[in-house]
Amino acid sequence: MNSILIENVSKNYTLGKVEVPALKNINLSVKHGEIICLMGPSGSGKSTLLNLIGALDSPSNGEVHINGENIASLTDRALSKFRNRTLGFIFQSFNLIPVLSVSENIEYPLLMQDISSSERKNRVNEYIDAVGLTPYSNRNPDELSGGQRQRVAIARALATHPSIIIADEPTANLDHKTGKEVMDLISSMNKKSGATVIFATHDPIVSNYTKKIIRLKDGEISES
């Protein structure tokens with residue numbers, strides 16, 4: 001079974017009286033444990049496709065299947081639970097909660113899962129250690145560098161034990177050296193957890209870590 005299966009998907013947006021196609025008849029399959037990269041210029045449809053895979057938006061036509069589940073068939077409540085337990089998100093802007101510490105940011109999505117406080121603590125400690133931030137566990141995000149914040153975001157994404165990790169421009173706000181360190185970490189975590197990883201990026205550093213590059217242009221897709 002594929003981790004991600006996208007069948008004949010199109011996505012249109014309405015701007016005033018004009019319907020604008022963002023994606024056109026997309027077909028894509030991703031195997032469990034694969035790392036793939038979406039590349040293309042701004043406006044090519046990368047973020048739209050990530051939003052569909054991440055169940056943050058729905059297609060105008062076609063179907064998106066995640067781990068064999070047609071996500072369009074889920075109720076809002078089931079979809080929220082599905083996202084929390086199946087998907088891990090890493091954003092270019094980190095999206096950390098500024099008033100929470102490193103530990104609390106990582107624990108936050110775990111509060112929505114039916115796991116004990118001791119298990120939450122164990123996971124938080126495990127992933128803080130995995131990303132090399134144990135000495136910073138009580139600091140708030142504004143006390144961290146950009147690279148450290150992205151490491152917190154990676155730990156938070158992995159702590160829920162997702163089967164799919166979605167990373168939107170994860171190195172965009174980082175310098176070259178830090179970006180490479182972050183990609184080394186994500187690659188290492190992929191091998192350890194077996195999670196599928198899908199990136200959207202302009203950064204050639206990211207594409208170097210993937211075996212499959214999906215190129216988009218004007219909402220259409222081709223593999224290379």
*Report, by residue number, each residue of the stretch 1-36 that is charged (D, E, K, R), more than 13 Å from residue 59 (Cα to Cα) and modelled with pLDDT of 90 or more.*
31, 34
*Determine whether the stretch 37-45 contains at least one residue that is of a type in the set (S, T, N, Q), farther than 22 Å from residue 109 by Cα and either modelled with pLDDT under 90 or part of a loop (DSSP other than H, G, I, E, B) (or both).*
yes
*Would the stretch 112-126 turn up any residue that is within 30 Å of residue 39 (Cβ to Cβ) and either surrounded by fewer than 19 Cβ atoms within 10 Å (Cβ to Cβ) or not charged (D, E, K, R) (or both)?*
no
*Search the stretch 119-140 for residues that are within 13 Å of residue 155 (Cα to Cα) and in contact (Cβ under 8 Å) with a residue 60 or more places away in the chain and pair each with any residue that is buried (at least 16 other Cβ atoms within 10 Å of the Cβ) and small (Gly, Ala, Ser) when their beta-carbon atoms are under 6 Å apart and the residues are at least 6 apart or on different chains.*
none
*Looking only at the stretch 139-179, and only at residues there that are among the charged types (D, E, K, R) and in contact with a Ser or Thr (Cβ under 8 Å, 6 or more places away or on another chain), the one that is modelled with the highest pLDDT*: 139
_One residue is enough: does the stretch 15-32 have a residue meeting the conditions touching an Asp or Glu at 6+ places or on another chain (Cβ under 7 Å), basic (Lys, Arg) and more than 24 Å from residue 172 (Cα to Cα)?_
yes
*Does any residue of the stretch 20-29 turn out to be of a type in the set (A, V, I, L, M) and farther than 25 Å from residue 207 by Cα?*
yes
*Specify the residue that is nearest to the chain's Cα centre (by Cα); the eligible residues are those in the stretch 83-110 that are among the hydroxyl-bearing types (Ser, Thr, Tyr) and assigned to a helix (DSSP H, G or I).*
86
*What number of residues in the stretch 174-204 are assigned to a helix (DSSP H, G or I) and among the acidic types (Asp, Glu)?*
2
*If we scan the stretch 166-173, do we find a residue that is at positive phi and not in a strand (DSSP E or B)?*
yes
_Hey, residue 154 in contact with a strand residue (DSSP E or B) (Cβ under 9 Å, 6 or more places away or on another chain), under 28 Å from residue 80 (Cβ atoms), of a type in the set (A, V, I, L, M) and buried (at least 21 other Cβ atoms within 10 Å of the Cβ) or not_ = yes
*Which pairs have Cβ atoms under 9 Å, sit 6 or more apart or on different chains, and link a residue in the stretch 61-84 that is free of Cβ contacts under 8 Å to residues at least 60 places away in the same chain to one that is of a type in the set (Lys, Arg) and not in a helix (DSSP H, G or I)?*
61/11; 62/11
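The values are calculated or read from the model by the stated rules, or taken from the named source; none is laboratory data. These numbers were taken from a predicted model, which means no experiment stands behind them. Ideal geometry is used to build each Cβ from the backbone, glycine not excepted, and the neighbour counts take in all protein chains shown.
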